[in-house]
Ligand SMILES: NC(=O)c1ccc[n+]([C@@H]2O[C@H](COP(=O)([O-])OP(=O)(O)OC[C@H]3O[C@@H](n4cnc5c(N)ncnc54)[C@H](O)[C@@H]3O)[C@@H](O)[C@H]2O)c1
Ligand SMILES: Nc1ncnc2c1ncn2[C@@H]1O[C@H](COP(=O)(O)OP(=O)(O)O)[C@@H](O)[C@H]1O
Ligand SMILES: O=C(O)C1=C[C@@H](OP(=O)(O)O)[C@@H](O)[C@H](O)C1
C-alpha cells in the first residue's frame, strides 16, 4: 500500500524557543537541553553579533536600542521558520510586538515557547556577573528589577510552557525543560464533556497533582500490584502536594473489575469519610482505570477522578473517553457509566515495566485507529514494525522508540477523541471505534477472556476487511495489507477457536446489532472511510469467517 506522509518534511521549526530574564540561564540551560536531545542550539544574541559583525554593547553604543530591536526581530522571524533545534532569545526580545506575533504563530503551529522562570535573586546576581549587558548599565540591580516588573507578565503571556529553575543546576533545569517540551497534549471537549487533557510523555504523571485544585482533600489511589512502583510514585507526588492519600490495592486485571471489589472500595471510602469534594486516581492497565472511573462515577453520585494508565492499551483507549464499569455474570462491561475524568496522564516512564506481549496487544487498537481515520498511524507502524515487535521495557526509555510510541499514543488518542467528542454515549459516530470489535468480542467470550482484547481486535479487523471485500467495498490489496501489517507487528490475523454457529450467535448479541439485524463497521474504498454495514448477506458473513481460519 502506498501511504503518503501527511507531514511536510521541508518545514523546519525550532523544537523549543527559550525566553526569560537576563541571567535566567537561557543560554546555559538551552545549550544543555540541545546537548541532551542531540539537536543544534542557537542563541539569538550570538547570531546577531555574527550578522552585524560586532558585539552587542558596541552595537547599542553605535546605533541605539531601537535599531538593535529591529535587527533582533528580523533574525528571530527567520529562525522561527528555518531552524530545527533549541533557540534561546535575548532577554528583551519577547517585548517587541512583531516577535510576540511570530511566537504566537509558532505556538499555533505546535511550537513550545519556554519561559525559564528563575528565582529573581539568583538570576539578577548571575546577570550582574561578568558585565557586558547594556540594558543593565548604571545601577544594575535597580535596572534588572525594573525590567523584571515590566517583562515577567509579558513572558507569562507569550510562553506556553513555564519552567521554574530556583536552586536548580543547569542540568536539572535542562532535564525539566526537556521533559516539558517532549510532552504531548490532546484536549478533549464536546457536548456533555467537561474539558480535560490527555498528557502524554515521560514524567507526565507529575501533573496528576494539578487537576484537583484546593477543594479536594483526600485522594483514593486505586491500583493493582504489578504497577505498585508506579502507584508509589503517584502517592508520593500527591502527598507532597498536600493531599491525604488512601492507598487501595485491587486484584489484578479482570479480577479487579467486579462488583465485590467495588463494594469493598465503597465501604472503605465510607469508613475514611470520603465526601463529594474528594477524588479518585486510577493507576494501572485498562481494568484498573475502568474500575477507578466506575468508583468515581458512583461514589456520592460522582466525584472527580484522574487516570494514570500504564499499559499501551489503557493509554490509547481505555483511560480516555469516559466509559467506566465492571463485569458481572451477565457479561463484560455491562454495568457502568459514561463519566469523564478530570485528566489523563499517559506517562511513558511506566511502560518500562510493561511485558512485551501486553505492549504488542495495545498495537491492535493503534492499528484499528489507523484504519478508521489516520493513515499516518499505519505509515508509522509500517516504518517501525521491527522495533515495535521487539519492544523491551528495559531499553525503552530514552530510545528513539519512545518518541515513536508517544506519537502513536497521541495520534490514536486524537482519533478516539474525534469520535467521543461528537458522540459521548455511542449513538452514531463513536460506533466506528468498534471496527473489528464485532468478531473480537465473540472471540474473547468463546476464549473465556484468555485471548487479550487487542489481539482479538486484530483478527476482527481482518474479518471486517474480508467481509468488506466480499461485498465489493474494498479491494484484495487492502485485505492483504491488514494481514501483512498486523502480522509484522506480532499480532494474530487468524483464529481457529469456536464454530461459526457459536460466533454468529454472539455477533447477534453485539451492542451494534438491532433486533435480528447484524451491523458491522467496515471500510469503504480505503483507510479513513468507514461506514455501517447493515444486515449483510448471510453467506458473506460466513465466507469471511472461513477466510480468517488459518
Ligand atoms: N473504558 C474503555 O473505553 C475501554 C476501552 C478498551 C478496553 N477497556 C478495558 O480495559 C481492560 C484491558 O486493559 P489492559 O489491556 O490494560 O489490561 P489490564 O488492565 O488487565 O492489564 C494487563 C496486565 O498488564 C499489567 N500492567 C499494566 N501496566 C503495566 C506496567 N506498566 N508494568 C507492568 N505490568 C503492567 C496489569 O497489571 C495486568 O496484569 C479491559 O478490562 C477492557 O474492558 C476499556
Ligand atoms: N541554573 C543555573 N545554575 C547556576 N548557574 C547558572 C544557571 N543558569 C545559568 N547559570 C550561569 O549564569 C550565567 C548567566 O547565564 P546565561 O545562560 O548566560 O543567562 P541568559 O542567557 O538567560 O542571560 C552564566 O555564567 C551561566 O553559566
Ligand atoms: O534584556 C535585554 O533587553 C537584552 C538582553 C540580552 O540577552 P540576555 O538576556 O541573554 O542577556 C541581549 O539581547 C541584549 O543585551 C538586550
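FYI, it's all coordinate maths here, none of it is from the lab. If you're wondering where the values come from, they're calculated on a predicted model, not measured in any experiment. Cβ: placed from backbone, ideal geometry, glycine included. Neighbour counts: every protein chain shown.
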**Request:** On a 0 to 90° scale, report how tilted helix 400-422 is relative to the longest principal axis of the chain, with both axes built from alpha carbons and the result rounded to the nearest 10.
**Result:** 70
**Prompt:** What number in nm² do you get for the stretch 462-518 if you take the convex hull of its Cα atoms and divide its surface by four?
**Reply:** 4.9
**Request:** For the stretch 457-477 and the stretch 103-124, write down the distance between their C-alpha centroids in whole Å.
**Result:** 49
**Fill in**
Taking a ≥ b ≥ c as the square roots of the Cα gyration tensor eigenvalues, with a/c under 1.5 meaning rounded and otherwise prolate when a/b beats b/c or oblate if not, the stretch 183-354 comes out rounded
**Gap separating the Cα centres of the stretch 426-443 and the stretch 304-357, nearest whole Å** = 17
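Can you give the % of DSSP beta bridges in the stretch 183-354 that are antiparallel, to the nearest 5?
Values: 11 of 35 bridges.
Antiparallel bridges: around 30 percent, rounded to the nearest 5.
Can you give the extra length, in nm with one decimal, that the chain gains between residue 126 and residue 353 once fully stretched, where that is 0.36 nm per residue apart less the Cα-Cα distance?
Working: separation 227, 0.36 × 227 = 81.72 nm, distance 4.19 nm.
Result: 77.5 nm gained on full extension.
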**Asked** Given the chain reduced to its alpha-carbon atoms as identical point scatterers, what log10 I(q)/I(0) does the Debye formula return at q = 0.08, 0.10, 0.11 Å⁻¹?
**Response** -0.61, -0.88, -1.01
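Taking the mean number of other Cβ atoms within 10 Å as a proxy for protection, how do you rank 20-26, 170-176 from highest to lowest?
Numbers: 20-26: 25.4, 170-176: 18.3.
For the peptides 20-26, 170-176, the packing ranking is 20-26, 170-176.
With a Förster radius of 30 Å, plug the Cβ-Cβ distance of residue 263 and residue 210 into 1/(1 + (r/R0)^6) and report the FRET value to the nearest 0.05.
Numbers: r = 31 Å, r/R0 = 1.04.
Computed FRET efficiency for residue 263 and residue 210: 0.45.
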**Request:** Using R₀ = 35 Å, calculate the FRET efficiency as 1/(1 + (r/R₀)^6) where r is the Cβ-Cβ separation of residue 189 and residue 142; round to 0.05.
**Result:** 0.15
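Rounded to the nearest 500 deg cm²/dmol, what is the calculated helix-only ellipticity per residue at 222 nm for the chain, with -39500 (n - 2.57) per DSSP H run of length n ≥ 4? Display every interim value, and only then the final one.
Working: 21 runs with 257 residues, N = 550.
Helix-only estimate at 222 nm: -14500 deg cm²/dmol.
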**Request:** Run the quick spin-label model on residue 249 and residue 95: label points 7 Å from Cα toward the beta carbon, then report their separation in nm to one decimal.
**Result:** 5.8
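Going by average Cβ neighbours within 10 Å, how do the peptides 408-415, 278-285 rank, with the highest at the top? If you can, show how the numbers build up before the last one.
Working: 408-415: 23.1, 278-285: 29.6.
So the peptides 408-415, 278-285, ranked by packing, come out 278-285, 408-415.
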**Prompt:** Once the stretch 16-181 is represented by equal point scatterers at the alpha-carbon sites, with solvent omitted, what log10 I(q)/I(0) does the Debye formula produce at q = 0.09, 0.11, 0.12 Å⁻¹?
**Reply:** -0.27, -0.40, -0.49
**Asked** Suppose R0 equals 60 Å; then what is the FRET efficiency for residue 36 and residue 516 from their Cβ-Cβ distance, rounded to the nearest 0.05?
**Response** 0.45
**Item:** Pairwise centroid distance, computed over Cα atoms, of the stretch 248-280 with the stretch 518-550, Å
**Value:** 41
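Give me the Kirkwood hydrodynamic radius of the stretch 425-547, using the inverse of the mean 1/r over all pairs of distinct Cα atoms, in Å to one decimal.
On the way: mean 1/r = 0.0698 Å⁻¹.
Over the stretch 425-547, the inverse of the mean reciprocal pair distance is 14.3 Å.
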**Request:** Can you tell me the 0 to 90 degree angle between the C-alpha axis of helix 286-298 and the longest principal axis of the chain, rounded to 10?
**Result:** 90
**Request:** Place a label point 7 angstrom from the Cα of residue 71 along the Cα-to-Cβ direction, then list the residues of the stretch 135-156 whose backbone nitrogen is under 20 Å away.
**Result:** 135-137
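With both partners inside the chain, how many of the DSSP beta bridges are antiparallel, as a percent to the nearest 5? Intermediate results must be reported in sequence, preceding the final value.
Numbers: 17 of 54 bridges.
For the chain, the DSSP antiparallel bridge percentage is about 30.
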**Prompt:** So how much slack lies between residue 480 and residue 228, counting 0.36 nm per residue of separation and subtracting their Cα-Cα distance, in nm?
**Reply:** 86.6 nm
**0 to 90° range, to nearest 10: angle between helix 476-488 axis and the chain longest Cα axis** = 70
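Per-residue counts of other Cβ atoms within 10 Å, averaged by peptide: what ranking do you get for 486-495, 159-168, 391-400, highest first? Don't skip to the end; give the middle numbers.
Values: 486-495: 19.7, 159-168: 16.5, 391-400: 13.4.
Most protected by this proxy first, the peptides run 486-495, 159-168, 391-400.
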